[in-house]
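Quick notes on the structure that follows.
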Amino acid sequence: MAAGTSPASPVRLPLAKAVNAALRTALDADPKVLVMGEDVGKLGGVFRVTDGLQKDFGEDRVIDTPLAESGIIGTAIGLALRGYRPVAEIQFDGFVFPAYDQIVTQLAKMHARALGTIKLPVVIRIPFGGGIGAVEHHSESPEALFAHVAGLKIVTPSNASDAYWMLRQAIECDDPVIFFEPKARYWDKADVDPSGIPGPLHAARVVREGTDLTLLAYGPTVRTALQAADAAAEEGTSLEVVDMRSVSPIDFDTIQRSVEKTGRLVVAHEAPVFFGAGAEIAARITERCFYHLEAPVLRVGGFHSPYPPARIEEDYLPGLDRVLDGVDRALAY
Amino acid sequence: MTVESTAARGKPRRSTNRSTTTTRRKPRQPRDGMVQLLTPEGERVEHPDYALDIDADTLRGLYRDMALTRRFDAEATALQRQGELGLWPSLLGQEAAQIGSGRALRPQDYVFPTYREHGVAWCRGVDPTKLLGMFRGVNHGGWDPNTNNFHLYTIVIGSQVLHATGYAMGVAKDGADAAVLAYFGDGASSQGDVAEAFTFAAVYNAPVVFFCQNNQWAISEPTERQTRVPLYQRAAGYGFPGVRVDGNDVLAVLAVTRAAAEQARSGQGPTLVEAFTYRMGAHTTSDDPTRYRSDDELVSWEAKDPLLRLRRHLERLDAADEAYFAALDEESDTLARRVREAIRTMPDPDPMSAFEHVYADGHSLVDEERAQYAAYVASFADREEN
Ligand SMILES: Cc1ncc(C[n+]2csc(CCOP(=O)(O)OP(=O)(O)O)c2C)c(N)n1
Ligand SMILES: [Mg+2]
């Protein structure tokens, strides 16, 4: 392909390359799509997610911005008002906060303030989560800080195929979407079929069927949850793993169906459990499934402490052992 | 150390009008162009605004500071390659900007660094091994800022420039005789925080020196991606002086920073110093600059190397002989050895330490989670015993 080299038949891609393919396809398909952010051009982003895009689509469409996150999102809003569909990259989770004001006070609310007359099709891509041995501010999971805000949609793929499809759908969406990419999974490979038909963007998915307990995860913790299900199976426990995929809205119907079957729910996310997504899920599922629950909904996740130095991050993260401990505790009721 | 005298020379001049509300004396407007006192060939030149009377001892001291800093930095890069550090942001090429400005300060001045100010840390007396902790991943800081008046490294670009300004506002309120140095990069100059810091410093006449190391790159983005005018000229729009100094000329940086710090201490408000320099290495050990910049550029800056030019100058003056440089090499090796040993024996933190210092006054949820996690960890020990 000339400008676009979007794959046409199923290919095995690492998650980072799947994001690249989705951006490439979107840039190819719609001249209004722009990619913008720090170092996204020549460098191809610090994770090489935008590798080669500037070369193929030019500096006017794949834009290296000044080092200013409020500027990136604020101008993305303006570009969207002018009819563009900006896909803005925030280099790391911890660096979104200079843009928090623009996202919360402007991006999220503008459609409502204009009584629906204007649309804000802005996608904000944010690599998030820990486990990569990084310094401060490079390992955080701030999704709940955004989920609390009406007007934002929030999704996170756990695998390359979802990364491809969910990003394409996010770019097509007329609402602002925050697209959290699990950076620790950037190199995980999966088959991506660009000619397939994707499911709905905000649907959760049962990724492994089971009968004894539902393990709900999203983004980086899905892989851990699947490992936990393998380990539990060896001990004769059957876990159903649900990939939540969307943090706002949340597909409670799918979760409910699973919990009605298993009677138990454990939620695993890297973000602090205090006021985290798990709290919302626990409350709603308790309401919806009160008579089916054999145990309280339990949460496994980060602590109410700053994300720790890399050498002890495994203690903070909901790894295999801590997830299994949560499973054991739920089963013990 | 010989260079201690350098720092002490700036005469304390107590200001009479340090109140933040009084009008300030009009600061001297520096002229355009780049201040240079030492050519790349090591020739001493004069500048009408920045006289510098400096003895051989001090010159040797500055060279020693730069050489040791460079050696330390190279060792840290090597340690990253060996897996001892997760990441290292090298200061290679910026030694003069950092040593010149660091040595312009007095003990009571206060420094707010980015993550690359290893040379300034050295001048402040921070043990170099302490800089490694956060890059090894054993802590998020590693030193007490108030011991050396050197704040923690800040990773979020631009944030510390506001902190420096606020600190300086406090200094002014106290009527104290100190300047505050805010370090930041050319990339950082685009951040709203930095623009806001300029505004606050200007309207409150805060005794802060904005020290921008324009090393030409913000990761892969050249300075032209951040500004269309020379960065020092931005100061004019805020109403305080801005000056560009040859950032690879340790003498010019020393003189310019000393003057700016004295202006701050004497109640004449902020100055923006743009140290024009070059990041000779990668952004960090994770970066691959071959993707975005040419070798030619690097070569042209190698000719302006900050150590080389001071060495040439010392040789011209006959102020340092082979024996001096040999002894310095040995001292560098000793420092590198000490750093290596320190890193290899640096203990991992206790996982329970993650629950410490979250709050000054404690927090019941932290206590609860600490207890839960301790019980969880203990449960493994129990299992092993059984
Ligand atoms: C708010 C924020 N955004 C992005 C980053 C990622 N980042 C780290 S260093 C850097 C470039 C900084 O350039 P500059 O200010 O010129 O300083 P230098 O690294 O050249 O010393 C970027 C974009 C960050 N640390 N903080
Ligand atoms: Mg720079």
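The values are calculated or read from the model by the stated rules, or taken from the named source; none is laboratory data. As the structure is a prediction and not an experimental result, all values here were calculated from the model. Cβ placement follows ideal geometry from the backbone for every residue including glycine, while neighbour counts extend to all protein chains displayed. These accessible areas exclude ligands, DNA and RNA; they are computed on the full protein's heavy atoms, side chains included. Shrake-Rupley method; radii C 1.70, N 1.55, O 1.52, S 1.80 Å.
With heavy atoms of protein chains only and a 1.4 Å probe, what residues of region A:46-91 have at least 40 Å² less accessible area in the full set of chains than alone?
Hits at the 40 Å² cut-off: A:ARG48, A:ASP64, A:PRO66, A:LEU67.
List every residue whose amide H lies under 5 Å from the amide H of B:LEU105, counting only residues 5 or more places away in sequence or on a different chain, with H placed 1.01 Å from N in the peptide plane.
none
Count the net charge of all other residues whose Cβ sits under 11 Å from the Cβ of A:LEU215, scoring Lys and Arg as +1 and Asp and Glu as -1.
Taking every other residue near A:LEU215 into account, the sum is -1.
Within a 10 angstrom radius of each residue's Cβ in B:286-293, how many Cβ atoms of other chains show up on average? Whole number is fine.
For peptide B:286-293, the averaged partner shielding equals 3.
Rounded, prolate or oblate for chain A? Axes are the square roots of the Cα gyration tensor eigenvalues, ordered a ≥ b ≥ c, and the cut-off for rounded is a/c under 1.5.
prolate
Which FRET efficiency, nearest 0.05, do B:GLU196 and A:GLU234 yield, Cβ-Cβ r, R0 60 Å?
0.60
Out of the DSSP beta bridges found with both residues in the protein assembly as shown, what percent are antiparallel (nearest 5)?
Looking only at bridges with both residues in the protein assembly as shown, the antiparallel portion is about 20 percent.
Out of the total accessible area of chain A (probe 1.4 Å, heavy atoms of protein only), what percent is carbon and sulfur?
53 percent
Give the distance, in whole Å, between the Cα centre of region A:303-333 and the Cα centre of region A:23-46.
Centre-to-centre distance over Cα atoms comes out at 36 Å.
At 1.4 Å probe size, with every protein chain present, just tell me what the per residue accessible area of chain A comes to in Å².
38 Å²
Rank B:LEU131, B:THR114, B:LEU272 by how far each Cα sits towards the positive end of the charge dipole of chain B (+1 on Lys, Arg Cβ; -1 on Asp, Glu Cβ) and give me just the farthest.
Sorting the options by dipole projection puts first B:LEU272.
To the nearest 100 Å², how much accessible surface do chains B and A hide from each other in total, with a 1.4 Å probe?
Buried area (both sides, nearest 100 Å²): 3500 Å².
For B:VAL111, which sequence-distant residues (separation of 5 or more, or a different chain) have an amide H within less than 5 Å of its own amide H, given hydrogens modelled in the peptide plane?
For B:VAL111, whose amide H was placed from the backbone, the distant partners under 5 Å are B:PHE150, B:HIS151, B:LEU181.
Could you run the Karplus curve 6.51 cos²θ - 1.76 cosθ + 1.60 with θ = phi - 60° over region B:131-146 and give me ³J(HN,Hα) per residue in whole Hz, x for Gly and Pro?
6, 7, x, 6, 7, 7, x, 9, 7, 10, x, x, 8, 8, x, 7
Can you work out the accessible area per residue across region B:56-344, with the rest of the protein chains kept in place, probe 1.4 Å, in square angstrom?
I get 32 Å² per residue for this part.
Using a Förster distance of 51 Å, how high is the FRET efficiency between A:LEU145 and B:ASP350, based on the Cβ-Cβ distance and rounded to 0.05?
0.95
Checking buried surface per residue: for region B:204-243, which residues lose a minimum of 50 Å² accessible area in the protein assembly relative to the chain alone (1.4 Å probe)?
Buried on complex formation: B:ILE219, B:GLU221, B:ARG225.
Could you work out the relative contact order of region A:12-192, using alpha carbon pairs under 8 angstrom and six or more residues apart, expressed as a whole percent?
Relative CO of region A:12-192 lands at 27 percent.
Hey, what did region B:56-344 get for relative contact order, percent, Cα under 8 Å, at least 6 apart?
25 percent
Would you mind checking which residues have amide H under 5 Å from B:GLN268's amide H? H placed 1.01 Å from N; only 5 or more apart, or other chain.
none
Each residue of region A:8-25 in turn: what ³J(HN,Hα) in whole Hz from Karplus with 6.51, -1.76, 1.60 and θ = phi - 60°, glycine and Pro shown as x?
9, 10, x, 9, 8, 10, x, 3, 4, 6, 5, 4, 4, 5, 5, 4, 4, 4
Most mobile of B:HIS47, B:HIS283, B:HIS163 per a Gaussian network model of chain B (Cα springs, under 10 Å)?
Greatest mean-square fluctuation among the candidates belongs to B:HIS47.
Relative to the longest principal axis of chain A, what angle (0 to 90°, nearest 10) does the C-alpha long axis of helix A:252-262 take?
On a 0 to 90 degree scale, this one is about 20.
Given R₀ = 60 Å, FRET efficiency for A:LEU115-B:ALA78 by Cβ-Cβ distance, to 0.05?
The computed FRET efficiency comes out at 0.45.
In a solvent-free Debye calculation with one equal scatterer on each Cα, what is log10 I(q)/I(0) for region A:205-331 at q = 0.15, 0.19, 0.22 Å⁻¹, listed in the order of the q values?
-0.61, -0.98, -1.31
How compact and how long is chain B, expressed as Rg and Dmax of its alpha-carbon atoms in Å?
22.1, 81
If one takes the longest principal axis of the Cα atoms in chain A, at what angle in degrees, from 0 to 90 and to the nearest 10, does the Cα axis of helix A:69-81 lie?
Once rounded, one gets 70 degrees.
Taking K and R as +1 and D and E as -1, what net charge do the other residues with C-beta under 15 Å from the C-beta of B:PRO349 add up to?
-3
Near B:HIS163, within a Cβ-to-Cβ distance under 12 Å, what is the net charge of the other residues, with Lys and Arg +1 and Asp and Glu -1?
Net of charged neighbours comes to -2.
Please give the calculated 222 nm ellipticity per residue for the protein assembly as shown, where each DSSP H segment of at least 4 residues contributes -39500 (n - 2.57) and the sum is spread over every residue; nearest 500 deg cm²/dmol?
Rounded to the nearest 500, it is -11500 deg cm²/dmol.
Using only the Cα atoms of the protein assembly as shown, what do you get for the radius of gyration and for Dmax, in Å?
Computed over the Cα atoms of the protein assembly as shown, radius of gyration and Dmax are 27.8, 90 Å.
Restricting to Cα pairs below 8 Å that are 6+ residues apart, what does the relative contact order work out to for region B:67-210? Please round to a whole percent.
RCO, region B:67-210: 23 percent.
Within chain A, what's the longest stretch lacking GluC sites (Glu not before Pro) that sit in DSSP loops with no more than 14 other Cβ atoms inside 10 Å?
By the stated rule (loop sites, at most 14 other Cβ atoms within 10 Å), A:60-208.
Within 10 Å of each Cβ in peptide B:35-42, how many partner chain Cβ atoms are there on average? Round it to a whole number, please.
Taking all residues of B:35-42 together, the mean is 0.
Report which residues of region A:116-153 become buried by 20 Å² or more of accessible surface when going from the isolated chain to the complete set of protein chains (1.4 Å probe; DNA, RNA and ligands ignored).
SASA drop of 20 Å² or more in region A:116-153: A:VAL135, A:GLU136, A:HIS137.
Could you give each residue of region B:248-264 its phi-based ³J(HN,Hα) in whole Hz, using Karplus coefficients 6.51, -1.76, 1.60 with θ = phi - 60°, and x for Gly or Pro?
Once θ is set to phi - 60°, the couplings for region B:248-264 become 9, 10, 5, 6, 5, 5, 4, 5, 5, 5, 4, 5, 5, 5, 5, 4, 4 Hz.
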